[in-house]
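A short write-up of the structure that comes next.
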Amino acid sequence: MPAPMTSPDALFRKEVAEARSYESIGLNPSSELYPDIDQIFHKPSRSRVMVILKENARCANPYLVGRLSGRALVKFNFKRRPVNKVGFEGVYKAPFEGRFFLEIVAVFCNYVPNDMSMCLVDGEANLVTAAPVEITVTRSVALDGYWASPVHEPLYTRWQPQNCRLKAEKYTERCMIHGTLDRYDNYEFHTYSKLMDRYKRYDTSSAKMKVWHNVLGGGATKHYHCIRYNSNNPSTAPMCDVCVTGKSHSQRMMRMMDVNVGIAVSGKGVDYPDQITESTAELLVKRCQTVLVGFGQHSLADHYTTEQFEGQLRTLLNRLKDHPRVVGRSVHYNPHGDDKMKCPPNDNRNVAYVDEYNKVYKNVFKEYGRDWIDTRWIEGGLWDAGYDWNHLHYKVELVHAWYITDYPG
């Protein structure tokens, strides 16, 4: 008779009891969570980082995000585990073994999903780990792709102090020190697929990124406008390979597909999923081989809960029920700009809530029998690299567009 399986929580409690044999992680005394943390330790053999809080901690349910940096970038989240004291466990997947820098950031002190008035931990106090902290990774995983650097140095989470969007403040030292983009310059995409060959052909320098940021935000491309035709002469409208729905994030990807990938692509720019009307849905069915659904930015920025966003998605999918190929994509991460760091926030597109929206996205598309493309493995390592504190970094947009274009099915 086989021995009964040990529960994950029981294993976690055992590991906590054995913590003295693991790598101890230094704490940042300026962190808001510093008074609440009993210990942080790393177990290389299991690729785990464990955060143990003290009893009666003020921040008893923090939302924690981890990232490995140095020769590669690896983003990972933490899950709560029941132990004698409150425990949180993060499991990372590194592309190779060796020394990495470890950073843990507290996004929320006490996380409550769908509380749209909840304030993020201030950027001056959200770094939980000491700076810098190095760990030894002893287990590697074959990843679809990752961001790697020839330079072994720590990468710290980018954030924007208050009022740094203002022209008068934008280039002051207090704004620049936390928001510079040159920290990402050494990181380039590496993968085991054909994306790598394409990526090597492109100039991904900061100078080129600034040029493309303007191109992707404009309209100077050869859009096919499959769903924008003269109703008196519908036969003149072309058939498009892909029709992209959504606003600026989707429109930038549409232009990237158009110029750098070379497929016939068009788009319908609306803020929310349920703004795709019945008549527009009919055009999408007639003129588009694939409809790519890319919403979430405006719904989340405008404080819609996950339940409300789910309702918007269902309305859209019901209207597109006659289309043979409707594909969703994950909501993009946003860096924590001043509008998100404000208390209470003007904009809820923080890393925690983006993941909550993606859970909804994935589940609803699965229920409707539609494909959903999760691209967070591409953007995760550079989740805070958005050039304008909103849209993806140019390097990420390149890989993102190629991957979605090549998505099988």
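Taken over region 86-115, the residue count meeting the criterion of being farther than 14 Å from Phe76 by Cβ, part of a loop (DSSP other than H, G, I, E, B), within 19 Å of the chain's Cα centre (by Cα) and not hydroxyl-bearing (Ser, Thr, Tyr) is 2.
Look at region 271-283: where a residue is without any contact (Cβ under 8 Å) to a residue 24 or more places away in the chain and a partner is open to solvent by less than 60 Å² (accessible area, probe 1.4 Å) and assigned to a helix (DSSP H, G or I), sitting 6+ places away or on another chain with Cβ atoms under 9 Å, you get Gln275/Gln312; Gln275/Leu316.
Do we find a residue being closer than 22 Å to Arg80 by Cα and not aliphatic (A, V, I, L, M) anywhere in region 124-144? Yes, region 124-144 has at least one match. Contact map, region 145-169: first residue under 27 Å from Tyr403 (Cβ atoms) and part of a loop (DSSP other than H, G, I, E, B), second residue among the charged types (D, E, K, R) and open to solvent by 70 Å² or more (accessible area, probe 1.4 Å), Cβ cut-off under 7 Å, separation 6 or more or different chains; pairs are Ser149/Arg71. Annotation: Val396 fulfils all but one of (1) touching a residue at least 12 places away in the same chain (Cβ under 8 Å); (2) surrounded by fewer than 20 Cβ atoms within 10 Å (Cβ to Cβ); (3) assigned to a helix (DSSP H, G or I); the unmet one is (2). Can you tell me which residue in region 309-342 is farthest from the chain's Cα centre (by Cα), limited to those that are among the basic types (Lys, Arg) and open to solvent by less than 50 Å² (accessible area, probe 1.4 Å)? Restricting to residues being among the basic types (Lys, Arg) and open to solvent by less than 50 Å² (accessible area, probe 1.4 Å), the top hit is Lys340.
With respect to (1) without any contact (Cβ under 8 Å) to a residue 12 or more places away in the chain; (2) in contact with a Leu (Cβ under 7 Å, 6 or more places away or on another chain); (3) of a type in the set (Gly, Ala, Ser), the lone exception for Gly369 is condition (2). In region 170-181, the residue that is surrounded by the most Cβ atoms within 10 Å (Cβ to Cβ) out of those that are among the aliphatic types (A, V, I, L, M) and not in a loop (DSSP other than H, G, I, E, B) is Met176. When region 286-308 is limited to residues that are surrounded by 22 or more Cβ atoms within 10 Å (Cβ to Cβ), of a type outside the set (Ser, Thr, Tyr) and under 17 Å from the mean Cα position of the chain (by Cα), the one that is nearest to Phe365 (Cα to Cα) turns out to be Val293. For region 60-102, the set of residues classified as of a type in the set (A, V, I, L, M), open to solvent by less than 10 Å² (accessible area, probe 1.4 Å) and farther than 19 Å from Val137 by Cα consists of Leu64 only.
Being assigned to a helix (DSSP H, G or I), crowded, with 20+ Cβ neighbours inside 10 Å and of a type in the set (D, E, K, R): is that true of Lys362 here? When the stated conditions are applied, Lys362 does not pass them.
The values are calculated or read from the model by the stated rules, or taken from the named source; none is laboratory data. Predicted, not measured: the structure shown is a model, and the values here were computed from it. Neighbour counts run over all protein chains shown; Cβ positions are idealised from the backbone, glycine included. Protein only, heavy atoms only, side chains kept; ligands, DNA and RNA dropped before computing areas. Shrake-Rupley method; radii C 1.70, N 1.55, O 1.52, S 1.80 Å.
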